[in-house]
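Undergrad: One structure coming up, written as structure tokens, with questions to follow.
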Amino acid sequence: MMTAPDHRIGLSVRGATKVYPGTLALNDVDFDVHLGAVNVLVGENGAGKSTLMKVIAGVEQLTSGEILMEGERLSLPDTRTAAAHGIGIVFQELNLFPNMTVADNIFIAREKTRAGIDIAAGEQKKEAVELLKRLEHDISPDALVSDLRIGEQQIVEIAKALAQDARILIMDEPTSALSAAEVEILFRVIADLKKRGVGIVYISHRLEELIRIGDYITVLRDGVRTGARSMEGVDVSWIVRNMIGAASKDFAKTVQHDFGDEIFRSEDICLIGKTGKYVVDHVSLSLRAGEIVGIYGLMGAGRSEFFECIMAQHPNCSGAFFIEGKPLNEPDVAGRISRGLALIPEDRKAEGLVQILPIRENMSLSSLGSFAKGIHLSLRRERETVARFVRDLTIKIASMENPVSSLSGGNQQKVVIGKALMTSPKVLLMDEPSRGIDIGAKAEVFRTMRKLAAEGLGILFVTSDLEEVMSLSDRIVVMSNGRITGEFNGPDATEEQIIAASAIGHAPSGEANHMNERKHG
Amino acid sequence: MTSLTATQGQTGSGGQPLVLLLLKLRTFIALIAVFAFFSMAAPNFLSAANFVIMSKHVALNAFLAIGMTFVIITGGIDLSVGSIVGLCGMVAGWLILNGIDLGIGYSLYFNLFEIILITLAVGVLVGAINGLLITRLNVAPFIATLGTLYVARGLALLSSDGATFPNLVGKEDYGSTGFYLIGTGSILGIPISIWLLIAVGCAAAYIASRTPLGRHIYAVGGNEKAAALSGVKVNRVKMFVYMFSGFCAAIVGLVISSQLVASHPATGETFELNAIAAAVLGGTSMSGGRGRIGGTIVGAFVIGVLSDGLVMMGVSSFWQTVIKGLVIIAAVVVDQAQQRLQARVALQQQAAAR
């Protein structure tokens with residue numbers, strides 16, 4: 001392991017071992033945080049990354065091992081102490097208060113006050129605006145967090161961490177909901193932080209991203225450190241090898257098959273948003289059986305809203321949908337599911353799953369009718385069917401009676417996919433199907449999508465991951481400002497074309513335009 | 001890798017499954033403890049006559065608690081049940097005594113069967129109003145049912161100007177005699193109200209565990225948004241639970257006025273609180289998504305046996321109130337412990353399956 005002389009070690013973990021009842025989350029792990037550098041941490045879900053970060057942030061305590069700062073042993077019994085030592089963290093799961101304003105959220109539990117009682121709201125707002133400006137967003141500090149899209153919420157979460165002026169800043173998947181343009185902005189902010197000598201710990205599943213911005217890399221597998229070095233000379237295959245242990249997993253190679261007839265069509269779908277502007281602007285597209293169409297676009301491009309229109313979430317949207325040529329007039333979700341539509345929502349936790357219910361009940365929730373005779377449910381048939389889907393989708397579970405919240409992100413996503421598939425759909429709508437899941441699970445999800453398409457399903461999916469849309473789609477539709485601004489044949493499309501199309505309708509030209517995208521979105 | 005058969009034994013560290021089992025059965029254990037205690041402390045507690053009296057008391061609260069359990073599982077609350085009890089009692093009394101005045105010199109009288117149906121329909125109707133307020137007009141359940149609590153109670157008082165409808169024996173000519181049987185009659189030595197409770201309880205338990213509707217009730221309470229996106233008709237589910245709760249309250253109204261052979265407009269005041277207490281004691285989570293009908297019934301028995309037993313021991317009613325409150329708080333505290341332990345066991349199993 002080489003250490004560049006200008007990157008002082010700000011914090012180091014030695015011999016970290018963390019035992020949870022029944023599992024060894026960390027096994028004798030060493031980890032260094034270099035100041036003024038980006039320290040990348042990578043590994044599959046359950047490899048121990050988040051546990052290690054929680055230990056550093058004071059959320060969890062080590063079973064054995066030590067944390068050293070400036071050569072001194074540190075005890076971090078809680079997050080407050082960690083914060084006092086200059087350690088800040090952006091959690092993977094958003095920890096925001098949807099009922100409070102952006103400014104309130106940024107300064108939560110650190111309110112700026114006069115005489116310790118009266119909140120200096122003006123000052124907080126001013127500072128919030130400055131922080132958001134650093135992130136090149138003009139989200140109003142008075143906006144309620146619940147009114148923001150997930151991507152914007154992630155920006156607020158990052159602003160919250162920046163507000164702490166941390167010396168060591170941990171970012172656990174900060175980009176999972178950000179568009180390409182916003183990722184660029186974040187990287188500029190990270191570069192700026194580096195210059196100020198902040199040590200950044202960066203966790204992400206997007207490997208290219210890591211190689212681009214990382215200075216040091218540490219790879220974990222099953223709680224054990226399998227590699228740690230400076231980023232020089234590291235490539236994707238090296239990372240994957242250390243993460244998975246064997247050679248690279250194959251990423252959804254296309255199995256060639258012919259497409260069937262048109263299975264789904266939308267005509268002139270329009271939806272007018274709160275501000276009186278089109279959120280979805282005359283969107284017409286068609287999908288054939290066996291075809292995978294990827295919809296790419298920046299945040300606020302209207303992609304999710306378009307899906308919501310398809311699933312009857314906006315009663316006032318205009319236009320027409322057709323399934324196998326016949327108009328889709330059912331006014332509610334149940335009716336549309338019965339016509340062969342199934343949605344896998346973007347926000348798994350809030351929209352996809354009922355966390356406290358067992359895995360079995362979550363999976364069968366959309367298809368209970370098929371297990372019922374009159375009003376009587378056949379629990380045996382339900383169990384058998386769920387078991388079959390668990391097997392087919394290789395969901396790793398101890399028991400299908402455990403609450404779904406006990407599963408890792410990737411397995412939870414598979415449960416949501418299983419729920420959709422159990423309705424035997426003709427058209428699958430997937431909103432950000434790989435959000436927040438690790439590379440192994442991602443590859444499996446993609447393989448599943450390919451397989452389903454080969455079996456004759458039409459798949460429409462939304463993503464803001466350029467690589468994903470390019471490698472997975474038979475056809476690519478680009479949306480911007482609610483309109484379709486480009487349509488490409490999968491194999492022929494180039495990244496430049498897609499990015500150009502996704503920026504159409506956003507202020508004049510040049511790089512700074514992304515700043516203005518909020519005003520239009 | 002996919003292991004569906006991982007057993008609890010090999011993953012748990014020793015006594016955990018046993019502790020969990022004990023915690024799961026805690027309401028039942030509490031019931032046995034209460035029983036054992038009073039059998040020793042209160043004379044005559046174990047007599048058959050006392051059992052019949054006690055179970056009649058318990059049944060009233062149990063009906064309400066069953067309806068309440070469904071409402072709470074969907075994440076709502078129904079404060080109006082006590083008033084529905086009062087209103088329905090008055091409706092039944094009015095129909096037996098006065099019939100319906102058609103305004104042309106004639107009054108329309110109904111037979112007993114029709115009176116029961118109309119009374120039940122009134123309860124369901126108030127529940128439907130609750131449901132409509134909550135689903136169509138987006139009123140918070142607490143406020144909507146607080147409103148109907150007052151309205152229904154006011155209507156009950158208006159119906160007789162606050163007086164009691166006495167002597168509800170009915171008239172032979174109209175076929176409305178025998179009203180007293182609902183509350184006081186018995187079949188095979190078991191009171192009719194208990195038979196009714198068994199029927200309603202079994203139906204509710206069946207709905208909860210073996211029908212799509214039951215699943216939908218749990219899903220709506222666990223995550224309304226996800227349920228809606230999964231195709232659950234959330235509004236219909238909510239309508240059902242409030243109407244069912246109203247139905248249960250109407251039964252109680254009938255039973256009470258039948259027992260007394262009279263209906264008083266203030267009947268059922270604060271019954272809603274006892275119903276909520278029984279549901280919570282039985283393991284129903286106020287945040288929705290969790291609860292069992294069986295647990296609720298056992299919970300109702302714990303509360304009922306506790307208060308009757310204390311009466312028999314001669315404990316002052318002020319102390320009874322204090323003790324009831326403490327038991328409810330203790331139940332919720334233990335419930336939290338169970339949830340934590342359960343989550344841990346599930347995580348362990350999951351970790352072992354990896």
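Undergrad: How big is the protein assembly as shown along each principal axis, measuring the range of its Cα positions in Å and listing the largest first?
TA: Projected onto the principal axes, the Cα atoms of the protein assembly as shown cover 99, 66, 60 Å.
Undergrad: Quick one: length gained pulling B:Phe318 to B:Gln338 fully straight, 0.36 nm per residue minus the C-alpha distance?
TA: 4.1 nm
Undergrad: Could you work out, residue by residue across B:208-215, how many beta carbons of other chains sit within 10 Å of that residue's beta carbon, and then give the average as an integer?
TA: 5
Undergrad: In bins 5 Å wide, starting from 0, what share of all Cα pairs of the stretch B:233-354 does each bin hold, as a percent?
TA: All Cα pairs considered, the percentages come to 2, 9, 13, 17, 17, 15, 12, 7, 4, 3, 1, 1, 0, 0.
Undergrad: How much solvent-accessible surface does B:Leu108 expose, in Å² to the nearest 10, with a 1.4 Å probe and all protein chains in place?
TA: 80
Undergrad: Beyond 28 Å, what share of the Cα-Cα pairs of the stretch B:62-317 is found? Please give it as a whole percent.
TA: More than 28 Å apart: 35 percent of the Cα pairs in the stretch B:62-317.
Undergrad: Sticking with this structure for a sec: When the C-alpha atoms of the stretch B:48-195 are aligned to their principal axes, what extent does each axis show, in angstrom, from largest down?
TA: 52, 47, 24
Undergrad: Karplus couplings for the stretch A:191-197 from phi (6.51 cos²θ - 1.76 cosθ + 1.60, θ = phi - 60°), rounded to Hz, Gly and Pro as x?
TA: Each residue of the stretch A:191-197 in turn: 4, 5, 4, 4, 4, 7, x Hz.
Undergrad: Show which aspartates and glutamates lie in cross-link reach of B:Lys56 when reach means a straight Cα distance below 17 angstrom and same-chain residues fewer than eight apart are skipped.
TA: B:Asp308
Undergrad: Right, here's the next one. Grab the eigenvalues of the alpha-carbon gyration tensor for the stretch A:136-239, scale each by 5, take roots, and send me the semi-axes largest first in whole angstrom.
TA: Result for the stretch A:136-239: semi-axes of 27, 15, 13 Å.
Undergrad: Now for a different question. Please report the accessible area of B:Tyr174 (heavy atoms, 1.4 Å probe, ligands and nucleic acids excluded) in Å², nearest 10.
TA: Roll a 1.4 Å probe over it and B:Tyr174 shows about 80 Å².
Undergrad: Follow-up. Please work out the FRET efficiency for the pair A:Asn99 and A:Arg14, using the Cβ-Cβ distance as r and a Förster radius of 51 Å; give the result to the nearest 0.05.
TA: 0.75
Undergrad: Kindly express, to the nearest 10 degrees and within the range 0 to 90, the angle between helix A:409-421's C-alpha long axis and the longest C-alpha principal axis of chain A.
TA: 10
Undergrad: Sort A:Glu111, A:Glu232 by heavy-atom solvent-accessible area, probe 1.4 angstrom, most to least.
TA: Descending accessible area places them as A:Glu232, A:Glu111.
Undergrad: Under 4 °C and 1.567 mPa s, how fast does chain A diffuse according to Stokes-Einstein, given a Kirkwood radius computed over C-alpha pairs? Answer in µm²/s, whole number.
TA: 53
Undergrad: Then there's this: Given the DSSP H assignment, sum -39500 (n - 2.57) over each helix run of at least 4 residues in the protein assembly as shown and divide by its residue total; what's the result at 222 nm in deg cm²/dmol, nearest 500?
TA: Calculated mean residue ellipticity at 222 nm is -15000 deg cm²/dmol.
Undergrad: Same structure, new question: What size of dipole, in debye to the nearest 20, comes out for the stretch A:9-244 about its Cα centre when the only charges are +1 on Lys and Arg C-beta atoms and -1 on Asp and Glu C-beta atoms?
TA: It works out to roughly 380 debye.
Undergrad: Here is the link list: A:Lys125/A:Lys194; A:Lys54/A:Lys451; A:Lys18/A:Lys133; A:Lys49/B:Lys24; A:Lys349/A:Lys373; A:Lys126/A:Lys194. Which ones come out longer than 29 Å on Cα distance?
TA: A:Lys54/A:Lys451; A:Lys18/A:Lys133; A:Lys49/B:Lys24; A:Lys349/A:Lys373
Undergrad: Scan around A:Met430 for amide H atoms under 5 Å from its own, H built in the peptide plane at 1.01 Å from N, and keep only partners 5 or more places away or cross-chain.
TA: For A:Met430, the qualifying residues are A:Ile344, A:Leu460, A:Phe461, A:Val462.
Undergrad: If you take the Cα Rg of the stretch A:267-343 and divide it by 2.2 N^0.38 Å, with N the number of residues, what do you get?
TA: For the stretch A:267-343, the normalised Cα radius of gyration comes out at 1.09.
Undergrad: Could you work out the relative contact order of the stretch B:251-300, using alpha carbon pairs under 8 angstrom and six or more residues apart, expressed as a whole percent?
TA: Reported as a whole number, the value is 28 percent.
Undergrad: A further question follows. Return the average number of partner chain Cβ atoms within 10 angstrom of each residue Cβ along peptide A:373-385.
TA: 2
Undergrad: Expressed in nm², what is the orientationally averaged projection area of the convex hull enclosing the Cα positions of the stretch A:392-448?
TA: With the hull built on Cα positions only, its mean projection is 4.2 nm².
Undergrad: If you don't mind, another one. Could you grab the Rg to Rh ratio for the stretch B:69-132? Cα atoms only, Kirkwood for Rh.
TA: 1.11
Undergrad: Kindly express, to the nearest 10 degrees and within the range 0 to 90, the angle between helix A:121-134's C-alpha long axis and the longest C-alpha principal axis of chain A.
TA: 80
Undergrad: Moving on. For each pair in A:Lys414/A:Lys442; A:Lys442/B:Lys225; A:Lys112/A:Lys160, compute the distance between the two Cα atoms and list the pairs where it is over 18 Å.
TA: Violating the 18 Å limit, Cα to Cα: A:Lys442/B:Lys225.
Undergrad: Given 10 Å bins starting at zero, what is the percent of C-alpha pairs of the stretch A:354-424 in each, up to the one with the largest pair distance?
TA: All Cα pairs considered, the percentages come to 22, 58, 19, 1.
Undergrad: What distance in nm lies between label points placed 7 Å from Cα along the C-beta direction at B:Phe113 and A:Arg73?
TA: My value for the distance between the label points is 8.5 nm.
Undergrad: Let me ask something additional. Short version: ³J(HN,Hα) in whole Hz for each residue of the stretch B:329-336, in order, from phi by Karplus 6.51 cos²θ - 1.76 cosθ + 1.60 (θ = phi - 60°), x for Gly and Pro, what are they?
TA: So the Karplus estimates, Gly and Pro as x, are 4, 4, 4, 5, 4, 5, 4, 4 Hz.
Undergrad: Could you check the spin-label model distance between B:Thr177 and B:Arg236? Points 7 Å from the Cα along Cα→Cβ, value in nm.
TA: 4.6
Undergrad: Helix B:293-313 against the longest principal axis of chain B: what's the angle in degrees, Cα atoms only, rounded to the nearest 10?
TA: So the helix axis and the longest Cα principal axis differ by about 70 degrees.
Undergrad: A further question on this structure: Provide a whole-number value for the mean count of partner chain Cβ atoms within 10 Å of the Cβ atoms in peptide B:338-346.
TA: Mean shielding by partner chains, rounded to a whole number: 3.
Undergrad: Okay, next question. Have a look at the DSSP beta bridges in chain A and tell me what percent are antiparallel, nearest 5.
TA: Rounded to the nearest five, the antiparallel share is 55 percent.
Undergrad: How large is the translational diffusion coefficient of the stretch A:9-244 in µm² per second when you combine the Kirkwood radius over alpha carbon pairs with Stokes-Einstein at 4 °C and 1.567 mPa s?
TA: Rounded, D is 71 µm²/s.
Undergrad: Sorted by packing (mean other beta-carbon atoms within 10 Å per residue), highest first, where do A:359-367, B:112-120, B:43-51, B:289-297 land?
TA: A:359-367, B:289-297, B:112-120, B:43-51
Undergrad: For A:Ala84 and B:Leu125, FRET efficiency with R0 = 51 Å and r from the beta-carbon atoms, rounded to 0.05?
TA: 0.25
Undergrad: OK, next. Work from the charge dipole of the stretch B:92-193 (Cβ charges, +1 for Lys and Arg, -1 for Asp and Glu, about the Cα centre) and give the residue of B:Tyr150, B:Ser193, B:Leu137 farthest towards its positive end.
TA: My answer, from the dipole projection, is B:Leu137.
Undergrad: How high is the FRET efficiency between A:Phe187 and A:Asp142 when r is their beta carbon distance and R₀ equals 30 Å, given to the nearest 0.05?
TA: The calculated FRET efficiency here is 0.60.
Undergrad: For the stretch B:178-230, divide the Cα radius of gyration by the Kirkwood radius and give the resulting Rg/Rh value with two decimals.
TA: Answer for the stretch B:178-230: 1.30.
The values are calculated or read from the model by the stated rules, or taken from the named source; none is laboratory data. Remember, predicted model here, so these are calculated numbers, not experimental data. So basically every Cβ, Gly included, is an ideal-geometry build from the backbone, and we count neighbours across all protein chains shown. To get the accessible areas, we keep the full protein, side chains included, count just its heavy atoms, and leave off ligands, DNA and RNA. Shrake-Rupley method; radii C 1.70, N 1.55, O 1.52, S 1.80 Å.
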